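Inspection log for the structure reproduced underneath, given as structure tokens.
The numbers here are math on the coordinates, done by the rules we state, and not lab data. None of these values were measured; they are calculated from a predicted model. Cβ placement follows ideal geometry from the backbone for every residue including glycine, while neighbour counts extend to all protein chains displayed.
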2 protein chains.
Amino acid sequence: MEAFLKEAKNASRILMTISGAEKKRILLEMAQGLRDNTQALINANALDMKAGEESNLSSSLMDRLLLDEKRIEAMAVAIEEIAALKDPVGRILDGWVTEDGLHMQKVTIPIGVIGIIYESRPNVTSDTAALCFKSSNVCVLKGGKEAQNSNESIAKILQDVLEANDLPRALISLIPDASREGVDKLIKMDKYVDLIIPRGGAGLIKHVSENATVSVVKHDKGQCHTYIDKDANRENAIKIAINAKVQRPGVCNAMETLLVDSSIAEEMLPRLKEAFDAAHTELKGDSRTQAIIDVEHATDEDYDTEYLANILNIKVVDGVEGAIDHIVRFGSGHSEAIITENITTAEEFLNAVDAAAVYVNASTRFTDGGAFGFGAEVGISTNKLHARGPMGIEGLTTYKFKIYGNGQIRG
Amino acid sequence: MEAFLKEAKNASRILMTISGAEKKRILLEMAQGLRDNTQALINANALDMKAGEESNLSSSLMDRLLLDEKRIEAMAVAIEEIAALKDPVGRILDGWVTEDGLHMQKVTIPIGVIGIIYESRPNVTSDTAALCFKSSNVCVLKGGKEAQNSNESIAKILQDVLEANDLPRALISLIPDASREGVDKLIKMDKYVDLIIPRGGAGLIKHVSENATVSVVKHDKGQCHTYIDKDANRENAIKIAINAKVQRPGVCNAMETLLVDSSIAEEMLPRLKEAFDAAHTELKGDSRTQAIIDVEHATDEDYDTEYLANILNIKVVDGVEGAIDHIVRFGSGHSEAIITENITTAEEFLNAVDAAAVYVNASTRFTDGGAFGFGAEVGISTNKLHARGPMGIEGLTTYKFKIYGNGQIRG
């Protein structure tokens with residue numbers, strides 16, 4: 001593992017010398033490479049599908065694992081879209097002249113070597129490799145073992161394009177030891193690896209966070225809330241609440257708990273129940289909710305659970321302060337929303353709630369790189385530092401100061 | 001420790017509600033508090049000085065530990081300067097309207113609870129507390145045990161000002177258990193602590209980095225180089241090399257190794273030796289250097305040593321590529337400089353060298369918050385992410401997205 005990572009680190013230097021035009025051209029070749037090797041990819045994937053069947057993978061996991069012509073075309077198109085992004089490296093973030101006459105430039109640079117740990121979907125392999133290459137980073141990938149054949153086939157195609165362009169294959173690679181022990185080595189190799197991005201279940205993320213010596217950008221749970229204030233536009237409130245829960249319940253920016261101001265609970269809860277019943281949402285509520293509508297009881301554990309399913313907790317709270325108290329206690333810092341027409345209440349909520357994305361009068365479902373206008377995303381960070389919320393290609397850069405003097409010495 | 005940190009975390013909410021004007025006024029009261037309690041501070045410090053004498057602390061450590069009227073006045077002035085800084089919280093870093101009509105604001109916010117681990121100088125206690133308070137962060141401080149009485153006395157004065165302003169004392173506090181075990185608990189309390197900043201020896205920083213589950217911004221070693229290119233202005237080269245090594249050898253931005261282009265080594269090394277001899281610098285060099293001037297032999301270990309003393313390694317390298325190779329191998333990513341009049345060579349160096357600060361024709365000694373124009377600094381980060389290089393008060397903030405909609409739902 002150490003020799004492998006050392007090679008990756010060494011390879012990273014060459015990325016400093018490749019122009020944006022070259023990176024773009026090579027990415028387009030990679031997209032074409034996937035198309036040209038569609039049959040080989042399908043054959044490799046068939047091995048994973050067969051093994052998955054034999055080990056009784058769930059139908060949803062089998063579906064995530066599957067590669068067909070349409071999905072391979074989508075992977076190629078995703079790389080082409082990444083190729084078309086503006087080069088994130090070399091951007092001048094700030095610039096000034098110091099009192100000593102030094103001309104300062106704060107300039108974006110690649111992070112270096114990025115380790116990405118993810119699960120079943122093979123398209124993550126090509127998406128991530130393309131995002132890292134576009135941002136001049138080396139990636140070392142650790143996909144799910146159920147997709148090993150598919151991932152190896154994808155990596156080989158991308159590496160063949162690198163080699164045809166006289167670039168080291170080590171710029172994009174799968175880690176040689178994909179076992180738990182291999183991962184444990186990877187996350188401690190801070191000498192060679194600059195960032196680890198774990199994407200996957202809570203167990204994986206916890207393990208990586210607790211054991212890594214390399215910096216980690218987590219993509220952790222979204223315990224998202226929507227608070228309906230007494231000054232809410234009622235139609236917006238119902239429309240947004242339904243959208244935040246129902247439109248795609250299985251994702252991290254979906255709402256898990258709806259908070260309703262006590263002063264409008266009697267009016268709103270029956271209307272909300274009607275709407276959620278029509279959407280087949282399973283509702284749970286605290287005793288104040290249960291006093292108004294007929295729902296199951298919600299426990300503290302429920303308020304702490306990311307259902308990723310069409311199940312919703314409801315809680316009656318006393319005003320915006322009550323909503324904030326609940327969010328401080330149970331929120332995961334992902335996405336939170338208030339529905340109100342009152343500007344002072346809105347600002348109180350926006351300022352007091354500490355989350356990556358805090359909304360007024362909109363669905364929490366908008367928290368992603370596409371909706372934010374970032375283009376392709378690496379994921380949605382729940383870190384408080386470096387990248388917070390949707391992590392676009394800019395999140396794969398850091399910066400340095402270039403400093404131009406003409407003989408300055410320190411006095 | 002857990003109850004203590006939980007209280008710190010809870011206290012952090014109140015900082016969201018204090019205006020910039022209040023923070024400024026309270027900081028000025030803290031500065032005055034130090035002045036008004038000069039005698040109490042000197043008395044507390046005398047206990048530390050006595051214990052230091054009894055345990056045979058070195059004279060340089062004793063000097064760092066000492067508080068007298070002049071130093072206490074300087075601590076008060078430092079707080080006043082921090083009070084005068086622009087509020088780093090609430091700054092809009094970016095803003096746009098998405099395709100869905102959401103008005104996006106990327107806004108700076110405090111990080112939350114910051115743990116700072118440092119060594120002997122008591123003024124770090126008041127500086128750090130003031131920087132954290134100005135940026136609306138709670139600080140939990142762990143100073144050197146040799147300064148425990150001084151630090152407690154400083155913290156008490158600042159806490160008394162907080163209390164007089166109806167604010168919780170927990171906003172600024174020393175950790176209750178300052179033992180190694182206490183630190184080990186602190187750095188794993190990611191539930192309550194958002195960032196750890198270790199300042200001190202290599203052993204401390206390594207231990208914290210390897211064991212923390214909280215994010216860490218390191219203030220690690222500076223293995224800084226200056227490369228004299230064949231196209232250097234000779235006078236600048238000598239002047240800058242001398243300044244980078246000699247002006248203050250004991251700091252992290254001082255040069256440790258001088259790289260000289262082989263094509264000018266015969267001309268420049270004798271002139272450099274003359275200048276460094278006059279500055280009483282102890283010189284070491286590789287065999288190509290030794291073939292030209294009479295110096296001790298420099299080993300690979302020397303090239304990897306941060307002397308923090310008036311000792312310098314010299315190495316003859318072949319052009320800018322040779323310089324870059326050496327820096328890739330031995331540099332610590334802190335500060336690196338090239339002396340050249342050639343713009344293409346300068347840009348090659350600036351682009352290829354990965355360090356927080358890369359200089360053309362200036363001394364590496366400029367890498368600090370004051371010289372960069374950041375005002376008071378928390379330290380000089382050797383992290384690659386979050387804060388890189390001089391870490392001003394902006395480095396104590398992160399951001400969130402405030403998102404203003406008018407009923408948007410996801411399609």
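For chain A, the Cβ-based charge dipole about the Cα centre amounts to some 1600 debye (Lys, Arg positive; Asp, Glu negative; other atoms uncharged).
Rounded to whole numbers, the Karplus 3J(HN,Hα) couplings from phi for the range A:391-407 are 10, x, 5, 4, x, 8, 10, 10, 9, 9, 9, 9, 10, 9, x, 9, x Hz, using 6.51 cos²θ - 1.76 cosθ + 1.60 with θ = phi - 60°, and x at Gly and Pro.
Coupling constants for the range B:65-76 follow from the phi torsions by the Karplus curve (6.51 cos²θ - 1.76 cosθ + 1.60, θ = phi - 60°), and in residue order they are 6, 5, 10, 9, 4, 5, 5, 5, 4, 5, 5, 5 Hz; glycine and proline get x. Three principal axis extents describe the C-alpha atoms of the range B:224-370; from largest down they are 34, 31, 28 Å. Computed about the Cα centre, the dipole magnitude for the protein assembly as shown is approximately 280 debye when only Lys and Arg (+1) and Asp and Glu (-1) carry charge, each at its Cβ.
Karplus-based coupling profile of the range B:282-292, in residue order and whole Hz: 7, 10, 10, x, 6, 5, 5, 5, 5, 5, 10, with θ = phi - 60° in 6.51 cos²θ - 1.76 cosθ + 1.60 and x standing for Gly or Pro. Inter-copy label distances at A:Ala291, shortest first and taken from points set 7 Å along Cα to Cβ: 9.2 nm. Starting from the range B:27-110, pick out the GluC sites (Glu not before Pro) whose DSSP state is loop and whose Cβ has at most 16 other Cβ atoms within 10 Å. Those satisfying the criteria are B:Glu99.
Toward the positive end of the charge dipole of the range A:313-411, with +1 on the Cβ of Lys and Arg and -1 on the Cβ of Asp and Glu, the farthest Cα among A:Ser335, A:Ala357, A:Gly405 is that of A:Gly405. In this structure, the amide hydrogen of A:Lys218, modeled 1.01 Å from its nitrogen in the peptide plane, lies closer than 5 angstrom to those of A:Thr382, A:Asn383, counting only residues at least 5 positions away or on a different chain.
Tell me which of B:Ala170, A:Asn233, B:Ile14 sits at the most positive position along the dipole axis of the protein assembly as shown, charges placed on C-beta atoms (Lys, Arg +1; Asp, Glu -1). Positive-end residue among those listed: A:Asn233. Based on the reciprocal of the average 1/r between different C-alpha atoms, the Kirkwood radius for the range A:99-200 equals 14.6 Å. The residues neighbouring A:Gly373, those whose beta-carbon lies less than 13 Å from its own, together hold a net charge of -4 under the Lys/Arg +1, Asp/Glu -1 convention. Remark: the range A:224-370 carries a charge dipole of roughly 460 debye about the Cα centre, counting +1 on each Lys and Arg Cβ and -1 on each Asp and Glu Cβ.
Fewest neighbouring Cβ atoms within 10 Å first, the residues A:Ser126, A:Ser332, A:Ser59 line up as A:Ser59, A:Ser332, A:Ser126.
Quick one: check the C-alpha center-to-center distance for the range B:10-85 versus the range B:262-317, whole angstrom. Their Cα centres are 42 Å away from one another. Within chain A, the proportion of Cα pairs with more than 27 Å between them is 57 percent.
Secondary-structure-derived ellipticity at 222 nm for chain B, considering helices only, amounts to -13000 deg cm²/dmol, per-run term -39500 (n - 2.57) for DSSP H runs with n ≥ 4. Peptide B:355-365 is shielded by partner chain Cβ atoms: per residue, an average of 6 of them sit within 10 Å of its Cβ. In nanometres and ascending order, the distances from the A:Gly201 label point to those of the other copies are 4.4 (point 7 Å from Cα along Cα→Cβ).
In this structure, the amide hydrogen of A:Ile314, modeled 1.01 Å from its nitrogen in the peptide plane, lies closer than 5 angstrom to those of A:Leu258, A:Lys284, A:Gly285, A:Asp286, counting only residues at least 5 positions away or on a different chain.
Here is the short version for chain A: A:Cys224, A:Cys252 have no other Cys C-beta closer than 4.7 Å.
When the protein assembly as shown is described by a simple charge dipole with +1 on each Lys and Arg Cβ and -1 on each Asp and Glu Cβ, the residue from B:Val161, A:Leu283, B:Pro122 located farthest towards its positive end is B:Val161.
Rounded to the nearest Å, what's the spacing between the alpha carbon centres of the range A:89-130 and the range A:175-240? Just the number, please. Their Cα centres are 20 Å away from one another.
Hey, could you grab the Kirkwood Rh for the protein assembly as shown? Inverse mean 1/r over distinct alpha carbon pairs, Å, one decimal.
Answer for the protein assembly as shown: a Kirkwood hydrodynamic radius of 28.8 Å.
Peptide A:102-110 shows a mean partner chain C-beta count of 3 within 10 Å per residue C-beta. When you restrict to C-alpha pairs under 8 Å that are six or more residues apart and normalise by the size of the range A:224-370, the relative contact order lands at 33 percent.
With neighbour counts taken as other beta-carbon atoms within 10 Å, the residues A:Phe349, A:Phe4 rank, fewest first, as A:Phe4, A:Phe349.
Here the chain B residue lying nearest the rotation axis onto A, judged by its C-beta and given with the distance in whole angstrom, is B:His386, 3. Once backbone amide H atoms are built at 1.01 Å from N, B:Met255 has B:Lys245 as its partners under 5 Å, excluding neighbours fewer than 5 places away on the same chain. Suppose the Debye formula is applied to equal point scatterers at every Cα of the range B:149-235; what is log10 I(q)/I(0) at q = 0.18, 0.20, 0.21 Å⁻¹? Evaluating at q = 0.18, 0.20, 0.21 Å⁻¹ gives log10 I(q)/I(0) of -0.92, -1.04, -1.09. Considering only Cα atoms, the convex hull volume of the range A:22-156 works out to 112 Å³ per residue.
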